[in-house]
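Colleague: Provided herewith is a single structure, encoded as structure tokens, for subsequent inquiry.
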Amino acid sequence: MRRGAFRGLPGPAVALLAALAVLAGCARPATVLPATGGGPIPIRGEVRGLVAADPEGGGRPRLFALFEGELAEVGIAGGTYTLIRRYAAFGVRWTGIGAGDVDGDGRDEIALTGFMPQVASAVLGAGEGGALVARAAGVPLYLRIARLPGGGGIGLACERPAAEEPYLPPPMRCAVRDGRVERGDPLALPPGVHLDDFVVVPQAAGEALYTVGEDGRWSRRHGGDALWRSDARWTARPVAVERSFSGLLGETTTRLHAFSTYPLVADLDADGRAEVWQPTADEAPFTVLSRLRIFRGGSWLRLDPEGYGLAVRRSGPLLGQATVGLAPWDVTGDGIPEVVAAAILRPRTHPAGPRSTFMAYDVGTGRPVGPGAPSGADAAVVPEPAPEPLPAPEPAPDVGDRRDGPP
């Protein structure tokens, strides 16, 4: 950890280390969440993210939901969703989660980003009995686990916070060593692309790098050039919000991004090609959470490679006010994963208290399935016309970890 990356962090970092060091001991008994009849199953609290991860490397992914003050493992029992374990992290307001095998040992890590009020992230792994333990904590960096550009596969990326902006570029490859997150080389990204702004999609001829603009439209990038751009806004872009905090370290003013839900990139239909699952929403309605804005309602999109870019193959309504995460997980027990969405029904500012829900969607039909699915549900599945096929682009040169210009 480079202490100079963020002034005034050692005090909160010590508190976070102390809290996360007892993660394995914070597990509570299983809590079965009651069903309420047809429709989504409500859960007390504000869910902030959702991932499927295999921390033990046994080939059986587990589902983890992130709430503002805790991480919970989710299962299904008695026809309803169940919280198997809850992991508390006192003093940290979690805002982001990602998962993947970042060190090549066959076991997934989980990266959390949060504030107290400064940026304080953590990387978790499997401990004794399958409980999660902290491999690094009190990290003064934004973290993201994703497929990284440059052919490196799944990895851990990070970006520094800045005093007046959410990010201090460039995004970098990072690694966990000796309980710390160490910064490495810059990612091979075009200038001005931040940690939340890129998606790498594996294809037969290599990989395709897409970036998300301020207008929420996606672009296929080759170096500094845009080969293709989406016709519609697929991502509800976050808005920077300025906040001031008073504490033991004095007055702190920072600009934080509103919540941005990462797309899910996976070959869930086993056709040998990765597809992209992306929640989208109208820009006007949004839910105000603690220091965040999350866009409400909207739809999920399934995007498949087509020509130079991507085409919408499926879409359907999202059953919730604010969708905060998508994850692949076998809900029906047939060995085929569904796409599970985590959504907020009511924010914590609601007079009746916060409520969240999970809902699974069949990969082939897009219809809700599993616990909470309305009886006889027939989700609107809208195949949209594909763009006119274009010739395949020329192979991209090997750019390694070099940036294409100054940030």
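Colleague: Which of the numbered conditions does VAL212 fail, given that it passes all the others? Conditions: (1) open to solvent by 10 Å² or more (accessible area, probe 1.4 Å); (2) closer than 18 Å to LEU112 by Cα.
Modeller: So the condition that VAL212 fails would be (2).
Colleague: Going by the structure shown, is ASP197 of a type outside the set (Phe, Trp, Tyr) and either within 25 Å of ALA274 (Cβ to Cβ) or crowded, with 19+ Cβ neighbours inside 10 Å (or both)? Explain how you work it out, then say what you get.
Modeller: On the way: of a type outside the set (Phe, Trp, Tyr): yes; either within 25 Å of ALA274 (Cβ to Cβ) or crowded, with 19+ Cβ neighbours inside 10 Å (or both): yes.
Considered against the rule, which asks whether it is of a type outside the set (Phe, Trp, Tyr) and either within 25 Å of ALA274 (Cβ to Cβ) or crowded, with 19+ Cβ neighbours inside 10 Å (or both), ASP197 comes out as yes.
Colleague: Oh, and also: The conditions are (1) within 20 Å of the chain's Cα centre (by Cα); (2) more than 19 Å from ARG233 (Cβ to Cβ); (3) modelled with pLDDT of 80 or more; (4) not β-branched (Val, Ile, Thr), and LEU319 fails exactly one of them. Which is it?
Modeller: (3)
Colleague: Is it the case that region 346-357 has a residue that's modelled with pLDDT of 70 or more, closer than 17 Å to ALA274 by Cα and surrounded by 15 or more Cβ atoms within 10 Å (Cβ to Cβ)? Give the derivation first.
Modeller: Of region 346-357, the ones modelled with pLDDT of 70 or more are 346-357.
The next check asks that each one be closer than 17 Å to ALA274 by Cα; those that pass are none.
Checked region 346-357: no residue is modelled with pLDDT of 70 or more, closer than 17 Å to ALA274 by Cα and surrounded by 15 or more Cβ atoms within 10 Å (Cβ to Cβ).
Colleague: I would also like to ask the following. Restricting attention to region 201-209, does a residue exist that is open to solvent by less than 10 Å² (accessible area, probe 1.4 Å) and either under 21 Å from the mean Cα position of the chain (by Cα) or among the β-branched types (Val, Ile, Thr) (or both)?
Modeller: The answer is yes; a qualifying residue exists.
Colleague: Something else: I'm told ASP304 meets every condition in (1) modelled with pLDDT of 90 or more; (2) open to solvent by 20 Å² or more (accessible area, probe 1.4 Å); (3) among the acidic types (Asp, Glu) except one. Can you identify the failing condition by its number?
Modeller: (2)
Colleague: Filter region 223-232 down to residues that are open to solvent by less than 60 Å² (accessible area, probe 1.4 Å) and in a strand (DSSP E or B), then give me how many there are.
Modeller: Going through region 223-232 one residue at a time, the tally reaches 1.
Colleague: Tell me yes or no: at least one residue of region 17-39 is open to solvent by 40 Å² or more (accessible area, probe 1.4 Å), modelled with pLDDT of 50 or more and under 20 Å from TRP329 (Cβ atoms).
Modeller: no
Colleague: On the given criteria, is ARG403 at pLDDT 75 or above, basic (Lys, Arg) and either within 23 Å of the chain's Cα centre (by Cα) or surrounded by 13 or more Cβ atoms within 10 Å (Cβ to Cβ) (or both)?
Modeller: No, not satisfied.
Colleague: Residue under question is VAL102, and the condition is that it be open to solvent by 10 Å² or more (accessible area, probe 1.4 Å) and either out of contact with any Lys or Arg (no Cβ under 9 Å at 6 or more places or on another chain) or modelled with pLDDT under 85 (or both); does it hold?
Modeller: Here the answer is yes, as VAL102 does meet what is asked.
Colleague: Separate question: Quick check on my filter: what residues within region 184-216 are farther than 19 Å from LEU156 by Cα and either in a loop (DSSP other than H, G, I, E, B) or touching a residue at least 40 places away in the same chain (Cβ under 8 Å) (or both)?
Modeller: Result: PRO191, GLY192, GLN203, ALA204, ALA205, GLY206, GLY213, GLU214, ASP215, GLY216.
Colleague: Separate question: Which numbered condition trips up LEU292, out of (1) open to solvent by less than 20 Å² (accessible area, probe 1.4 Å); (2) touching a Gly at 6+ places or on another chain (Cβ under 6 Å); (3) modelled with pLDDT under 85?
Modeller: (2)
Colleague: Hey, another quick one. Being more than 15 Å from the chain's Cα centre (by Cα) and open to solvent by 10 Å² or more (accessible area, probe 1.4 Å) is the filter; apply it to region 68-79 and report the residue that is modelled with the highest pLDDT.
Modeller: Among them, the one singled out is GLU73.
Colleague: Follow-up. Filter region 170-181 for residues that are without any contact (Cβ under 8 Å) to a residue 60 or more places away in the chain and either closer than 30 Å to GLN203 by Cα or open to solvent by less than 20 Å² (accessible area, probe 1.4 Å) (or both) and give the result.
Modeller: PRO171, MET172, CYS174
Colleague: Looking only at strands (runs of 3 or more DSSP E) that lie completely in region 313-367, which have at least 1 residues being of a type in the set (Lys, Arg)? Show your work before the answer.
Modeller: Numbers: elements: 322-329, 338-346, 355-361.
The strands (runs of 3 or more DSSP E) meeting that bar are 338-346, 355-361.
Colleague: Do we have GLU251 as of a type in the set (D, E, K, R), in a strand (DSSP E or B) and modelled with pLDDT of 85 or more here?
Modeller: Considered against the rule, which asks whether it is of a type in the set (D, E, K, R), in a strand (DSSP E or B) and modelled with pLDDT of 85 or more, GLU251 comes out as no.
The values are calculated or read from the model by the stated rules, or taken from the named source; none is laboratory data. These figures come from a predicted structure and were not determined experimentally. Cβ coordinates were reconstructed from backbone atoms using ideal geometry, including for glycine residues, and neighbour counts include every protein chain displayed. For accessibility, only protein heavy atoms count, side chains too; no ligands or nucleic acids. Shrake-Rupley method; radii C 1.70, N 1.55, O 1.52, S 1.80 Å.
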